[in-house]
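Working notes for the structure below.
Read-outs: derived from the displayed coordinates by stated rules, not from any lab. All values derive from a computational prediction rather than experimental measurement. A quick note on method: Cβ atoms are made from the backbone with ideal geometry, for glycine too, and the neighbour counts reach across all protein chains shown.
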Amino acid sequence: MIRHSKLDPKAISILEDKIQLITTSKGAIYLVGPIRLPVNLYGETVMFNWYCWMNCDEVTKDYEKIIEKLSSVNTAEYQQSSVLVYGDFEQGEDAYIRLHSICHTGDIFGSKRCDCGFQLKQSMKMIAEHGTGALFYLANHEGRGIGLFSKAMAYVLQENGYDTVEANISLGFVDDARNYSDAISVLKALRSKPVTLITNNPKKLEALKKAGLEVSDRKPLWGDVSEYNEKYLQTKINKAGHIEPCDNCPE
Ligand SMILES: [Zn+2]
C-alpha cells in the first residue's frame, strides 16, 4: 500500500480541536471526543457522548505527529479504552460513574457465566436516568486484567472444579490485576466535582479515594443471577471482598 506523504491539513485541523493531551507518570493519554453516540438502551434511543483514549510514551501537543504514527503501528494492540458520557458531565452537581472492565464473553456474547453484560447495560441505564454520568469501558481489564486467552484457560479450570480466584492464581496471576489509574486521569480531565460510584467492589472505591477524588456515595449493582453465575457471584463476595446485596438495595 502506498501511504500519502502528507496528511490532509483540513482533517488535521478538525481533529486537533477534538484531541486532549493528559500527561501521566508513564507518558501520555490522548483523549479524542466528544462524539455523539445514540445508543439503543432497552429499546429506547439514548444520546451519549463518546470519548476514546490511547496511551503513548511520546508526550506532545503536536497531534499531527501522533496521528501520523497511527497508520504505521498496530493500534489494536494498544487496547484503547473509552468513556461514554451523559448529560452535563463537567458542571453537573452529582454524577454517576461506572468503571466497567471489558468482558468479551459477557458484554458481546451475552454470556451468563458472569454478570458483566447485565451490569454494562444496567449502569448505562442508571446514568441516563440519573441525568449525568460516565461509563468508563476499560479495554485492558479482560478477565480482571489477565487477558482473554488467559481467561479462556481460567474458564477451562473452572469447568474442572476451580473457582474464579483459584483459577487465576493457579495460572500464576494475582487474583485481581486491574489498575484504574488511566481511567482516573481521564475522569479528572473531564470533571473535578464529586462523583457517585456504581459498584459492589470496595477496591474501586479505594482506588478513587486514594487518587484524591471526592466520592460522595456508592450505588450497588446486582442482578441477573442465574444457575450459571451463582457460584461466580458468591466467590466475588467470599473471596474478592465484594459488598453483599441486601433486601433494601434498590438494584
Ligand atoms: Zn464478565
From the convex hull of the Cα coordinates of region 76-183, what is the mean projected area in square nanometres?
7.6
Under 5 Å from the placed amide H of S81, counting only residues 5+ away or on other chains, we find W53, A139
Run through the DSSP bridge list for the chain and note the antiparallel percent, rounded to the nearest 5.
70
Residue separation times 0.36 nm, minus the C-alpha to C-alpha distance between E159 and L205: what's the value?
13.4 nm
Hey, got a sec? Which chymotrypsin sites (Phe, Trp or Tyr not before Pro) in region 60-138 land in a DSSP loop and have at most 13 other Cβ atoms within 10 Å?
F109
Amide H neighbours of T24 under 5 Å, counting only residues 5+ apart in sequence or on other chains, H built in-plane at 1.01 Å?
I29
Read phi for every residue in region 26-38 and hand back ³J(HN,Hα) as whole Hz from Karplus 6.51 cos²θ - 1.76 cosθ + 1.60, θ = phi - 60°, with x for Gly and Pro.
9, x, 10, 10, 9, 10, 10, x, x, 10, 5, 10, x
Do any of K209/K239; K26/K61; K121/K219; K125/K203; K18/K69; K121/K231 go past 19 Å between their Cα atoms, and which?
K209/K239; K125/K203; K121/K231
Phi-derived 3J(HN,Hα) across region 140-149 with the Karplus relation (6.51, -1.76, 1.60, θ = phi - 60°), rounded Hz, x for Gly and Pro, is 9, 10, 4, x, 6, x, 8, x, 5, 5
Gaussian network model of the chain, springs between alpha carbon atoms under 10 Å - residue of M153, M124, M54 with greatest fluctuation:
M153
Residue by residue through region 55-62, the couplings from Karplus 6.51 cos²θ - 1.76 cosθ + 1.60 with θ = phi - 60°, in Hz, x for Gly and Pro, are 8, 8, 5, 6, 10, 8, 8, 7
Which chymotrypsin sites (Phe, Trp or Tyr not before Pro) in region 140-233 pass both tests, a DSSP loop state and at most 15 other beta-carbon atoms within 10 Å?
Y228
With each run of n ≥ 4 DSSP H residues scored as -39500 (n - 2.57), what mean residue ellipticity at 222 nm is computed for the chain after dividing by its residue count and rounding to the nearest 500 deg cm²/dmol?
-9000 deg cm²/dmol
Trypsin sites (Lys or Arg not before Pro) lying in DSSP loop within region 24-75, provided at most 13 other Cβ fall within 10 Å
K26, K61
L21-D62 pseudo-label distance in nm [points 7 Å out on the Cα-to-Cβ vector]:
1.0
Using a cut-off of 17 Å between alpha-carbon atoms, which aspartates and glutamates can reach K65, once sequence neighbours fewer than 8 places away in the same chain are excluded?
D8, E16, D17, D57
Cα principal axis extents for region 124-199, largest first, Å
45, 25, 17
For the chain, place one equal point scatterer on every Cα, skip the solvent, and apply the Debye formula. What is log10 of I(q)/I(0) at q = 0.08, 0.13, 0.14 Å⁻¹?
-0.35, -0.89, -1.02
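For region 6-144, what value does the Rg/Rh ratio take when both radii are computed over Cα atoms and Rh is the Kirkwood radius, given to two decimals?
My calculation puts Rg/Rh at 1.00.
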How large are Rg and Dmax for region 152-251 when calculated on the C-alpha trace, in angstrom?
15.9, 47
